[in-house]
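This report concerns only the one structure given below.
The values are calculated or read from the model by the stated rules, or taken from the named source; none is laboratory data. Bear in mind that the values here come from a model prediction, so they are computed numbers and not experimental data. Neighbour counts run over all protein chains shown; Cβ positions are idealised from the backbone, glycine included.
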Amino acid sequence: MFGAGGGTSSYEEIEHTDLIVLWGSNARAAHPIFFHHLLKGIDNGARMIAIDPRRTESAAWADLWLGLDVGTDIALANAVGREIIAAGLTNDDFIARATTGFDAYAEAVEPYTLEHAAELTGVPAEAIRELAHAYAKAPTAQLCWTLGITEHHNASDNVFALIDLALLTGHVGRYGSGLVPIRGQNNVQGGGDMGALPNKLPGFQDVADDDARRRFEEAWGCTVPAEPGWHLSQMFEAMERGDLRALYVIGENPAQSEADGTRARRALEGLDHLVVQDIFLTATAELADVVLPAGAAWAESEGTVTSSERRVQRVRRAVPPPGNARDDTDIIVDLARRLGHDWGHPSAEEVWDELRSLSPIHAGMSYRRLEELGGLRWPCRDEDDPGALFLHGRLWEDPPRGPKAPFTPVEHDPPKDELTDDFPIRLTTGRHLDSYNTGVQSGRYRSPRRTGGTIDLSPEDAASLGLAAGDRARITSRRGSVVAPVRIDRSLRPGLAFMAFHYPEDVDTNRLTLDEWDPKSGTAEFKATAVRIEKEA
Amino acid sequence: MDIRLPAAVATDDERRAVDRILGPPTTGWEGGERRRVDGHVATGGHAARARRHLLLPVLHALQDDIGWISDGAVGYVCERLVVPAAEVYGVATFYGLLSVAEAPPVAIHLCDDIVCRTAGAKELFTALADTVGPEGSSDGSRTWHRSNCLGQCDAAPAAFVQAAGEGRRTVIRADLDRLAAAPTDDREPAYAVIGDPVLTARFGAADPGDLDAYRASGGYVALRRALEIGPDAVVAIVEASGLRGRGGAAFPTGRKWRAVADTEAAERLVVCNADESEPGTFKDRMLMERDPFAVVEGLTIAGHATGATKGFIYVRGEYPDAENRLVAAIEEAEAAGLLGDDVLGSGFPFHIELRRGAGAYICGEETALFESIEGFRGEPRAKPPYPTTDGLFGRPTAVNNVETLAAAVAIVAEVPGAANTKLFCVSGHVEAPGVVEAPFGVTVRELLTVAGSARPPQAVLFGGAAGRFLAPAELDVPLGYEPPSPPLGSGAVVAFGPGVDMDDVVQRIAEFFRDESCGQCVPCREGTVRQDEALRRLVAGSDERGLIDEIARVMRDASICGLGQTAAEAVTSAIALGLVGGAR
Amino acid sequence: MTDRHTVQIDGVAVVVEAGATILDACRAGGVDVPTLCYLETLTPANACRLCSVEVEGSRTLVPACSRIAEDGMVVHTGSDRVRHARRMILEFLGAAVDLTTAPELLEAMAAYGADPSRYGAGGGSPRSSAVVDNDLYVRDLDKCVLCYRCVEACGDDAQHTYAITIADRGAGARVATEFDVALPDSACVFCGNCVAVCPTGALMVRTEFDMRAAGTWHEDVQTVTRTVCGYCGVGCNLDVHVQDGAIVKVTSPFDHDVTSGNLCIKGRFGWTHVRAGVDGS
Ligand SMILES: Cc1cc2nc3c(=O)[nH]c(=O)nc-3n(C[C@H](O)[C@H](O)[C@H](O)COP(=O)(O)O)c2cc1C
Ligand code: SF4
Ligand code: SF4
Ligand code: SF4
């Protein structure tokens, strides 16, 4: 956000904020311990407004739930913005001092009246108004989201729409007010920190930044390309074009985790050479030419991970990797040696210290401090820096330091997979509390709560389709078809169905989903599929 | 709140019972019809959770209408009130008058406490066991249970009957026929007076259902005066009167009111503690049945004096007649402008809500009472903080006993002798058990004499089960708040004539505490059990005095609340006086 | 009101911040006060009364864990009354509860000379025995001291699931689900946050329960390694307990502000994919 790749706030702030807006996030199930902090906030008196197509277990805690139609987040956000402007509730001082582009934004959201948004989203106008007024009037507010916002073909636009709201009201850069994307996987944030983004060097330094590049080139003794690389969806397109012929996959399972799994598998199969480094023989690894068994990062190796509050923490080896499995670092160093580069035998700490020497925001985070303080939040620029509780405080300084934060007007763009008479039901996907991603790790312990892969239907849809709980139903999208047992879920409304994606062995949900991806972030549209559901004999 | 509902579904009757309290559900999320708009919007959160206090009324409604609380019914309660199922279960199982097991429509609670058991209750058990079956069993239409003191000691033996769909009733001088049929008697009040009547002045003289009769006999003089002179002056009068709480703890009432009045809180509350459950005690019931407007007026004055605009009366669940009287009195007072948004045109708004207990002695303890009203298990809170700063719903709260409020009315109305009169409940082996109003300084012997004690009693229990047995010399000590007077407690005086099996009586008291401990703290939960066991061994001939004394010390020193702190008083005093075991 | 209060603990003046409890003051003064139901991360339940101390001017003893220290308070932690109360409480518990997996309580009993045999066999509050109704953790209410910790952790103080409650009252009080249904039929989400706070082993993870039953649980040879959970991106700290090269249990540190000792089902139980785990395959 405005040049920093992480959430602006710390967990502690949500305990002391006045309003929690949870947008497209079922944190109760997907991020249970973050939700503990959120619950403390509620116990301390915070109001909560949830925006989600389903009234999830998270939304059940809200003072107000807005059940928008899948993929209409921008329409809703723009209407909230318009209402805030129309009602004179903008934070004019903040807008003037710290932002740019307000006029264009105001003009862009002007058509999104409450009534128009009600039509687009299904949410009553009065409820949208209440959200707008509550957000604008709250002394402090945390706006949190997860995959409900980002797993759309227009994911980045969705995020911009939310950022715009924070800029309108000044709900960023202050204790208790911020923008909080909660990361779905334990080290997505850390991957970004380390520069595992097509356009970034470690520490979110831009590849186009000559100074930054030069420092890396000096340290590494090689040239660093100034053009961004490909993100995941672009890689798949390149594979299909034949431009990408070899792939080295570390700890990912794209054969099962990609939207439109059939297509992903075909692309992987077409490669000249596929190397997979993983702790399991995943579906992707089964397609590989070479499999490098690795240790489980969290229990079998040394290093760091970065959490959703930008906190870098140590992981440590509790048990040795089994059999021939090895530490990821060792594998990579060995690979380099075979390729003719002797990097020695660096310890995890030595690797980390190199990073600290190149990434200013991590510079103050010595292993010793990470141990003693239980982790540090970046930016942490030297060994006296306590780390940052929240980001963008600079916007409130007099005068504001650094570049102003730009408004980014965005337009509503409905899901690509249209509802028609043939595909009349909107299928959305998500997580179960006891499971994780494609289930390769979580599938192995015996959870009494595991339901397995089901198709969850509203009582009304189940009745009209002649389906009862436990019946087997065939779910067909424009791309594929799967069979799953029916679960009746009262949190769903007619026309909305839900499936988790944790059980690809039983029910390969991603055969149904659409590989329509967001050109800016590369995430795919998992959240909005048009399907037909029939009783399976 | 993300609530997982039990699989079972409520019946229509169960839903009706719940809706009787809450009104019909308005959205699909609350268990009503799923409307289209429910798919797009829902409210909940703080506002929904703030309705938790309706839990006990809803459980009462189910018990009253259905006779028990099923898992399906619990599910509907969860949906309506956004309370988790386990919490509902935890609350329901706390209370003696709520059943979570399937039960026949009629439940008879037969008192077998210290007074009734010496007045024929034991014979009734045998009779019931013969006709209905063993305690707790059902003959298809009825079940029966032993009960702790029902507060009807003036007409022992007594029973309390819950009849699903028909209502609750008290049966006095119970026998099998009356248990089956007896309508509520409109009995004459059993009372006597030493000196001039103040608190009992209207007993038998004014129709308790008639507001005009109340006013004609001096009612609402006090409230008018209070509104005239203002809260500060009222508190000063009560302080000067030396009035002390009549619920057992004898805390100066004026000081309590002052403490609440002095807080800065925008919202304050007053509560009338009408949960009277101390064995041998029935004065509050008599006041509510015979002079209900005095209770309403007293609470209104307390509200005005402390700056509260809302009052609660928490009335014992086994007191249906008193409850009906109070409900009628509140309605009449509202209709007459004596309660409401503008009391007597003075600009002072005051409303009273009545809440019903559900069979737990501990809920008479003021903080347990708060928990109960708020919809939780009636487990006392740690003090401090005290109710005057952190009371009901976290608001500064003045809790007053029924008699305390009635006395305050008389004091503010400047009734002569008002500050110097007290109600005692005399029962057991006396000719005319009943309430005796007497001035301070009266002796127990005088009280017994007025009640027609023919023969000198073998033993006298003073102050209730939480009080103690008196040494013979103490019968002639003038009663008051300072030693050598024994603590007045609830004002109960229970006489045990010659021939009463005191081993049995004292064991019954130990059993009472074992039964009524809330179970929260170790000294009381375990101590009351071990005391009961040790006492049985002592009665059987083993010398357990040392152990009983050690148990008594830890209960007194380390229990959270007054229940545990006093649970050994009667037992140890009986041992010291040689009333139990071989020592006799 | 001043910001700092001075209290006398056993004759020694101790200065504490306003709002500190007597227990805080005792600990600051290096005075040991035994506790049972108290835990830093939970609201004091005030139930066990083991931390009772004598405060001059107070009629009864006072629970150190929850009573706020006031300026000028004079506290005695070792008086006869205090020692008597603690000994009796320990005796009561020892007589009613199976404390074999609560070594700290057994030590305290020895230190205070508690003799549970005085109450004879049997009697006491009725209890039941181990319930094994799921693969993740076991409830043995015979070992329950009713400290309320699990109920608080499941409820207001952490998890907010409210799957368990105290049901019935007095001697019959017990930890229960609604209508005593099995855990998988209750609202329980198997976070194990109740297990984490249970001081007596009444709640125990299944691996530990099974290994203890088999006689293969050896805490003395176990190592504990602090790391971060490998599932979602919240960054929960884990303490990985390893015996003979295999993970046997996962807990979370109470003194880390991300989790305060709490985890979700994945973090606490979802480790069997690490091949070295006892349950691994
Ligand atoms: C176990 C226990 C039971 C009590 N029961 C009652 C009761 O039934 N009625 C009552 O007025 N006070 C009862 N009390 C005393 C109350 O806690 C409280 O002191 C009283 O209601 C205050 O009112 P007062 O100051 O007018 O007496 C009880 C106390 C304890 C410890
Ligand atoms: S003393 Fe007894 S009744 Fe009072 S809180 Fe403790 S256990 Fe409950
Ligand atoms: S495992 Fe979690 S949800 Fe289940 S009872 Fe324990 S604390 Fe509650
Ligand atoms: S099960 Fe454990 S944590 Fe729960 S009350 Fe019993 S002893 Fe305490």
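Residue by residue, here is whether (1) of a type in the set (Ser, Thr, Tyr); (2) buried (at least 19 other Cβ atoms within 10 Å of the Cβ); (3) under 28 Å from A:Glu217 (Cα atoms) holds:
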{"residue": "A:Glu354", "(1), (2), (3)": "no, no, yes"}
{"residue": "A:Ser357", "(1), (2), (3)": "yes, no, yes"}
{"residue": "A:Pro360", "(1), (2), (3)": "no, no, yes"}
{"residue": "A:Pro386", "(1), (2), (3)": "no, no, no"}
{"residue": "A:Gly393", "(1), (2), (3)": "no, no, no"}
Helices (runs of 4 or more DSSP H) within the stretch B:37-98 that include 2 or more residues charged (D, E, K, R): B:55-66, B:71-81
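Could you list, in sequence order, the residues of the stretch C:159-175 that are hydrophobic (A, V, I, L, M, F, W, C) and more than 7 Å from chain B (Cβ to nearest Cβ)?
Going residue by residue through the stretch C:159-175, those that are hydrophobic (A, V, I, L, M, F, W, C) are C:163-164, C:166-167, C:171, C:173, C:175.
Correct list: C:Val175 only.
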What is the one condition in (1) at the interface with chain C (Cβ under 10 Å from one of its Cβ atoms); (2) in contact with a Leu (Cβ under 9 Å, 6 or more places away or on another chain) that A:Leu465 does not satisfy? (1)
Only one of B:Phe370, B:Phe393 is outside any loop (DSSP other than H, G, I, E, B), touching a helix residue (DSSP H, G or I) at 6+ places or on another chain (Cβ under 8 Å) and away from ligand 1 (no atom under 13 Å from the Cβ), namely B:Phe393
Within the group A:Asp63, A:Asp43, which residue is surrounded by fewer than 24 Cβ atoms within 10 Å (Cβ to Cβ), under 26 Å from A:Leu496 (Cβ atoms) and within 12 Å of another protein chain (Cβ to nearest Cβ)? A:Asp63
Show me the helices (runs of 4 or more DSSP H) found entirely inside the stretch B:542-584 where at least 2 residues are buried (at least 19 other Cβ atoms within 10 Å of the Cβ), within 9 Å of another protein chain (Cβ to nearest Cβ) and free of Cβ contacts under 8 Å to residues at least 40 places away in the same chain. B:545-558
From the list A:Ala264, A:Ala299, which residue is outside any loop (DSSP other than H, G, I, E, B), buried (at least 20 other Cβ atoms within 10 Å of the Cβ) and more than 8 Å from every other protein chain (Cβ to nearest Cβ)? A:Ala264
If the Cβ limit is 7 Å and pairs must be 6+ apart or interchain, which residue in the stretch B:1-20 that is without any contact (Cβ under 8 Å) to a residue 24 or more places away in the chain pairs with which residue that is assigned to a loop (DSSP other than H, G, I, E, B)? B:Asp2/A:Glu57
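Quick one: is B:Pro380 within 16 Å of ligand 2 (Cβ to nearest atom) and either of a type in the set (Phe, Trp, Tyr) or at pLDDT 95 or above (or both)?
Yes.
For (1) at pLDDT 95 or above; (2) within 17 Å of the chain's Cα centre (by Cα); (3) within 14 Å of ligand 4 (Cβ to nearest atom), each residue gets a yes or a no:
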| site | (1), (2), (3) |
| --- | --- |
| C:Leu61 | yes, no, no |
| C:Leu106 | yes, yes, no |
| C:Ala114 | yes, no, no |
| C:Ala153 | yes, yes, yes |
When A:Leu433 is run through (1) in a strand (DSSP E or B); (2) surrounded by 17 or more Cβ atoms within 10 Å (Cβ to Cβ); (3) among the aliphatic types (A, V, I, L, M), the failure sits at (1)
Test A:Ser458 against the stated conditions and say whether it is within 12 Å of chain C (Cβ to nearest Cβ) and either crowded, with 22+ Cβ neighbours inside 10 Å or free of Cβ contacts under 8 Å to residues at least 60 places away in the same chain (or both). no
Would you confirm, using the coordinates I've provided, whether C:Val131 is facing chain B (nearest Cβ under 9 Å), surrounded by fewer than 22 Cβ atoms within 10 Å (Cβ to Cβ) and within 13 Å of ligand 3 (Cβ to nearest atom)? no
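On the given criteria, is B:Arg536 under 25 Å from the mean Cα position of the chain (by Cα), part of a helix (DSSP H, G or I) and away from ligand 2 (no atom under 16 Å from the Cβ)? Spell out the reasoning first.
Details: under 25 Å from the mean Cα position of the chain (by Cα): no; part of a helix (DSSP H, G or I): yes; away from ligand 2 (no atom under 16 Å from the Cβ): yes.
When the stated conditions are applied, B:Arg536 does not pass them.
Restricting attention to the stretch B:1-30, which residues are closer than 22 Å to A:Arg28 by Cβ and more than 10 Å from chain A (Cβ to nearest Cβ)? Spell out the reasoning first.
Restricting attention to the stretch B:1-30, the residues satisfying the condition of being closer than 22 Å to A:Arg28 by Cβ are B:1-7, B:27-30.
Those that are closer than 22 Å to A:Arg28 by Cβ and more than 10 Å from chain A (Cβ to nearest Cβ): B:Pro6, B:Ala7, B:Thr27, B:Glu30.
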Of (1) in a strand (DSSP E or B); (2) within 9 Å of chain A (Cβ to nearest Cβ); (3) out of contact with any helix residue (DSSP H, G or I) (no Cβ under 6 Å at 6 or more places or on another chain), C:Met204 fails just (2)
Residues located in the stretch A:153-183, provided they are under 14 Å from the mean Cα position of the chain (by Cα), in a loop (DSSP other than H, G, I, E, B) and closer than 21 Å to A:Ile74 by Cβ: A:His153, A:Asn154, A:Ile182
The correct count of residues that are surrounded by 24 or more Cβ atoms within 10 Å (Cβ to Cβ) and either among the hydrophobic types (A, V, I, L, M, F, W, C) or within 14 Å of chain C (Cβ to nearest Cβ) (or both) in the stretch A:163-189 is 13
Identity of the residue in the stretch B:353-362, in contact with a Phe, Trp or Tyr (Cβ under 7 Å, 6 or more places away or on another chain) and not in a strand (DSSP E or B), that ends up nearest to ligand 2 (Cβ to nearest atom): B:Ala360
Residue pairs qualifying under the 7 Å Cβ cut-off, at least six apart or on distinct chains, with the first in the stretch C:225-246 being facing chain A (nearest Cβ under 7 Å) and the second being aromatic (Phe, Trp, Tyr) and not in a strand (DSSP E or B), are C:Thr227/A:Trp298; C:Val228/A:Trp298; C:Cys229/A:Trp298; C:Gly230/A:Trp298; C:Tyr231/A:Tyr436; C:Val234/A:Phe34
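Output the helices (runs of 4 or more DSSP H) that fall wholly within the stretch B:230-312 and possess 2 or more residues being away from ligand 2 (no atom under 16 Å from the Cβ), away from chain C (no Cβ under 14 Å) and of a type in the set (S, T, N, Q), or say none. Explain how you work it out, then say what you get.
Working: elements: B:231-241, B:253-261, B:283-290, B:292-306.
Those helices (runs of 4 or more DSSP H) span B:292-306.
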